[in-house]
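Just so it is clear, none of the values below were taken in a lab; they were calculated from the coordinates. Bear in mind the structure is a predicted one, so any value in this text is a computation, not a measurement. With ideal geometry, Cβ positions are generated from the backbone for all residues, glycine too; neighbour counts draw on all protein chains shown.
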Amino acid sequence: MKIMDFMWNKITGSIPKEVGNITSLELLLVNGNQLSGSLPDEIGLLPNLNRIQIDQNNISGPIPKSFANLNKTKHFHMNNNSLSGQIPPELSRLPSLVHMLLDNNNLSGYLPPELAQLPKLLIIQLDNNNFSGSSIPPSYGNITTLLKLSLRNCSLEGPAPDVSGIPQLGYLDVSWNQLTGPIPSGQLASNITTIDFSHNRLNGSIPASFSGLPNLQRLSLDNNNLDGSVPSDVWQNIDFSGNRTLILDFHNNGLTNLSNPLTPPANVTILLSGNPVCQSQNQLNIAQYCQSTPEVTAEGGSIDNSTLCAPCATDFPLESVLKAPNPCSCGVPLYVDYRLKSPGFWDFVPYEAQFQEYLSSGLFLNSYQLEVTTFMWEEGPRLKMTLKLFPNNTILFNSREVERLRYMFTGWLIADSDIFGPYELINFNPGWYEKKSQYRCHCWYCHRSICCSGSSVITHYSHHIEKAFKTVFKETHREKDSDEN
């Protein structure tokens, strides 16, 4: 067995220690259940494990030190549980780890500086834990592979991190802590999209190095003790074509004057309320920036430009293929609920076309065959979206293509992306196809013919799942005993 996939069911109980006997296991996927108890040390005995995905359960207790033996593991997705205790410094020995997602737990103690020794680490996401009294290790500024550092609301103290030595850093969030002192003035990576130092105790002036960052989408420095001038050139070198926007949030600080008159492009939002500069009588043209801070949210999806076309025929549940090379094309789509678990940006709109190209090529489809129907930001921040997949230059997928696409998602065969980060399949819904006998699969447990995927599979397996979970480990014991005899 290489894949254990029990995602998004209602499994209760704990992960059995016998999982450590399945030495061929590569993907342990039990996220989105109601599992409790602690993580068994025996998981650390799995020599081929690539991904631990236990997020969104009720698992408690410490992270086992034995996990330091998982030399092939690339992904630790253990967020949204009740894990407690210290992050084991021994995890710094993991040669393959790229994603460390431990946010929304009860972890405490200090942040291990040894994590800077991880040679391939791309994402550190530890938000909403309680490292009270701990500071951010200076060594984190030397993780040259890092793309995202997110330590929001972790009760951290001490100075703000100097990350100017991280050449590809695209996302920095250390908000809602108790950091003190000035913001480091070193030049940040040119591809950074998000900088968030808000809700700390930082003082001094706003560094000039925040100006001229060509991919910046949001700079949040609000609710600190910053003083001096409001910068007037942060937006230089930014190309605002393609619906690009920039948010500069400086509200609730001690900024007293303007370095130059503020003349930002229309795509730039500046928030200055709660600063002394807004009470100054001799400052002109800033009233619009001193109003109460608006709530900025983003959601959207594809726009239907098919109104000039005749309606699709009704003999099949056809829908318009909005970006097809042949105008007014129709097809019967597959529906996918999908989530980006740690995206490297704040605003998705400028990246939507790039995402469509990335995912369609990863699925070996043409870009027009994939449509982002809706997207919505969730707490995390995570980006949930609904997708449609259309057949290529015809109205229907064949059964093999339906199953191939399903397996591309469930087998994690889509290459990782630096900017879009790790993804999560919430649901693969064949829609019309699941009602047709040729679009059916074989249940490995009861040997009945079932619909290939989607809600029907979850319904079918719901009465099998806990029994199957236990059976797997019983069979493993039998095989092990047979080998010993």
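Summary table
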| quantity | calculated |
| --- | --- |
| Overall form of the chain per C-alpha gyration tensor (a/c, 1.5; a/b vs b/c) | oblate |
| Under 5 Å, built H, 5+ apart or other chain: amide partners of ILE426 | ASP337, TYR338, ARG339 |
| Total formal charge among the other residues, if their Cβ is under 12 angstrom from that of ASN243, Lys/Arg +1 and Asp/Glu -1 | -2 |
| Value of relative contact order over the chain, rounded to a whole percent, pairs C-alpha under 8 Å and six or more apart | 7 |
| Net charge of neighbours whose Cβ lies under 9 Å from the Cβ of ASN128, counting Lys and Arg as +1 and Asp and Glu as -1 | -1 |
| Net +/- balance of residues flanking LEU334 in space, Cβ distance below 12 Å, scoring K and R +1, D and E -1 | -3 |
| Nonlocal amide H pairs with VAL321, under 5 Å, H built at 1.01 Å | SER329, CYS330, GLY331 |
| Taking LYS384, LYS10 and counting other C-beta atoms within 10 Å, the order from fewest to most | LYS10, LYS384 |
| Prolate/oblate/rounded label for the range 114-270 (Cα gyration tensor, a/c 1.5) | oblate |
| Whole-number percent relative contact order across the range 169-296, with pairs defined as alpha carbons under 8 Å at least 6 apart | 18 |
| Which of TYR423, TYR110 has the fewest Cβ neighbours within 10 Å, and the rest in rising order | TYR110, TYR423 |
| Order of SER241, SER175, SER82 - criterion: other Cβ atoms within 10 Å of each residue's Cβ, fewest first | SER241, SER82, SER175 |
| Which listed pairs, of LYS341/LYS388; LYS10/LYS435; LYS17/LYS72; LYS72/LYS120; LYS65/LYS120; LYS74/LYS341, have C-alpha distances above 22 Å, in listed order | LYS10/LYS435 |
